[in-house]
Amino acid sequence: MTPLEQVDLRPFNTLALPARARYFARVENAAELPGLIHWARARSLPLMVLGGGSNVVLQGEWPGLALQMAMRGRRIERVRGGARVHVAAGEVWHELVQWCLAERLHGLENLTLIPGTVGAAPIQNIGAYGVELADRLHSVRGCSLDQERELELSAADCRLGYRDSIFKHALRDRFYITEVTLNLSDEFLPVLGYPGISSALEGNPEPGAEQVERAVRSLRQSKLPDPATLPNAGSFFKNPVIDAELFARLRERYPDMPSFPAPDGIKVPAAWLVDRCGWKGRRLGSVGVHAQQALVLIHYGDGNGAELLALARDIAADVRERFGIALELEPTVYGTP
Ligand code: FAD
Ligand code: NAP
């Protein structure tokens, strides 16, 4: 397959940011991947992989090859008590959730309506409403940049953490996922601990899988802007996890600061910190902070990645000054202004 040249990437990112790729290829068949990797390496070109573009900030011209992962396919392998579901990387995550629900294979209900592709789900270990991919992942298959051939990584190899994985560190931009395998169950075990779910279920103490999925879907639709009408990339910052000492000091000054125990400290919702610094609903030219959800930055059109990142830097600087907490970007940035 010969890549296209000078391709506009605006349609390929949910922030609708202007950017171009020097070379671009849509990969519909995993077998084409080693050849494309080899093509880029032979020309010393950097590689960027895109799924649905819902967790990236693009800017300027990408000087190498951009690959859009578009391979499709799903297969159920029955195992005791449930199934292993093998899914091609280009499948749409939300469609997978709906299909599993129809197949009565459980475990993904709380992850409904997360935008993007299946292949991107392990990159930040997607999570919502008390469930994360790590709870369901069996393994991934993909091509490594260094070896130019297909490899399988177990869930443990992926080192999934809080919105984190090996694909954000040692294997960052070096491993291209072609297939994800999930462990799903015949039995439905509801996860109902997040605020809003019980009230959306109207007090039903024993909801079925469809009811929980519907409750999460309607909560998300009521709170989150649709990128098709207000371009965004979901949460722009990760929720920081801080140590007990800093938390105790902050709690004295801000008794209403929400917090949740995390494996290595205390998680504080970044949205609360951003809101407290007065950023919620503010707009600076073509970019701004959503009026209902302070973690979501919006591109109103005619702006660019540099403007959005400048806004994110200003927000993070205010949070650092006021709370002594460093916010980390959740989306990955590609290109230079
Ligand atoms: P992209 O944005 O295309 O890529 C993201 C990163 O993954 C890039 O670094 C890219 O190189 C890499 N990548 C993509 N595909 C592959 C592949 N096949 N192999 C190797 N690397 C790959 N996230 C959550 O965790 N929970 C949420 O509840 C949530 N809600 C969201 C709501 C909205 C409205 C939006 C816009 C985003 C939300 N997100 C959420 C973020 C986003 O949807 C997820 O991170 C999603 O997994 C990104 O998928 P994508 O295909 O769009 O990835
Ligand atoms: P919310 O329910 O208003 O909660 C605010 C924050 O508090 C969330 O970030 C959540 O952390 C944390 N939290 C709430 N209840 C918790 C509990 N019982 N245990 C541990 N942590 C708890 O959040 P929201 O903004 O409406 O989002 C709802 C869910 O969708 C969250 O899980 C969120 O992560 C997910 N979401 C993610 C994105 C994204 O782009 N990453 C975008 C939209 C929504 P967690 O974020 O760690 O869950």
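The values are calculated or read from the model by the stated rules, or taken from the named source; none is laboratory data. Computed from a predicted model, the values in this text were never measured in an experiment. Neighbour counts are summed over all protein chains in view; Cβ atoms, including those assigned to glycine, are modelled from backbone coordinates with ideal geometry. What goes into the accessible areas is simple: the full protein's heavy atoms, side chains included, and nothing from ligands, DNA or RNA. Shrake-Rupley method; radii C 1.70, N 1.55, O 1.52, S 1.80 Å.
Put 20, 78, 217 in order of accessible area, largest first, 1.4 Å probe: what do you get?
Order by accessible area, largest first: 78, 20, 217.
Considering only the range 4-69, what is the antiparallel percent among its DSSP beta bridges, to the nearest 5?
25 percent
Using r as the Cβ-Cβ distance of residue 152 and residue 314, and R0 as 41 Å, what FRET efficiency do you calculate, to the nearest 0.05?
Efficiency computed from Cβ-Cβ geometry: 0.40.
How do 321, 109 rank by accessible surface area computed with a 1.4 Å probe, from largest to smallest?
Result of the area sort, largest leading: 321, 109.
Given the rule -39500 (n - 2.57) for each run of at least 4 DSSP H residues, summed and divided by the residues of the chain, what is its mean residue ellipticity at 222 nm, to the nearest 500 deg cm²/dmol?
Value at 222 nm, helices only: -6500 deg cm²/dmol.
In square angstrom, rounded to the nearest 10, how much accessible surface does residue 76 have for a 1.4 Å probe?
The value for residue 76 is about 60 Å².
Calculated FRET efficiency, residue 1 and residue 244, Cβ-Cβ r, R0 51 Å, to nearest 0.05? Let's see the in-between values first.
Numbers: r = 53 Å, r/R0 = 1.05.
The calculated FRET efficiency here is 0.45.
Quick one: how many Å² of residue 223 are accessible to a 1.4 Å probe, rounded to 10?
Rounded to the nearest 10, that gives 110 Å².
Mind pulling the per residue volume of the convex hull built on the Cα atoms of the chain? Å³ is fine.
Numbers: hull volume 46.6 nm³, N = 337.
So the per-residue hull volume is 138 Å³.
Suppose every Lys and Arg Cβ carries +1 and every Asp and Glu Cβ carries -1, with no other charges. What dipole size does the range 232-334 come out with about its Cα centre, to the nearest 20 debye? Please list the in-between numbers first.
Details: 12 positive and 13 negative charges, 45 e Å.
Here the size comes out at about 220 debye.
Once label points are set 7 Å from the Cα along Cα→Cβ at both residue 92 and residue 198, what is their separation, rounded to one decimal in nm?
Calculated label separation equals 3.4 nm.
Suppose we look only past 26 Å in the calculated P(r) of the range 42-175. What percent of the Cα-Cα pairs does that tail hold?
Of all Cα-Cα pairs in the range 42-175, 22 percent lie more than 26 Å apart.
Over what distance in Å are the Cα centres of the range 119-181 and the range 194-242 separated?
Answer, in whole Å: 24.
Taking the full set of protein chains and a 1.4 angstrom probe, give the accessible area of residue 264 in square angstrom, rounded to the nearest 10.
That residue has around 130 Å² of solvent-accessible surface.
Taking Cα pairs under 8 Å and at least six residues apart, what relative contact order does the range 74-223 come out at, in percent? The partial results should precede the final answer.
Values: 282 pairs, mean separation 42.4, N = 150.
Across the range 74-223, relative contact order equals 28 percent.
With no solvent and one equal point scatterer placed on each C-alpha of the range 1-60, evaluate the Debye formula and give log10 I(q)/I(0) for q = 0.20 Å⁻¹, two decimals.
Per q value, in the given order, log10 I(q)/I(0) is -0.81.
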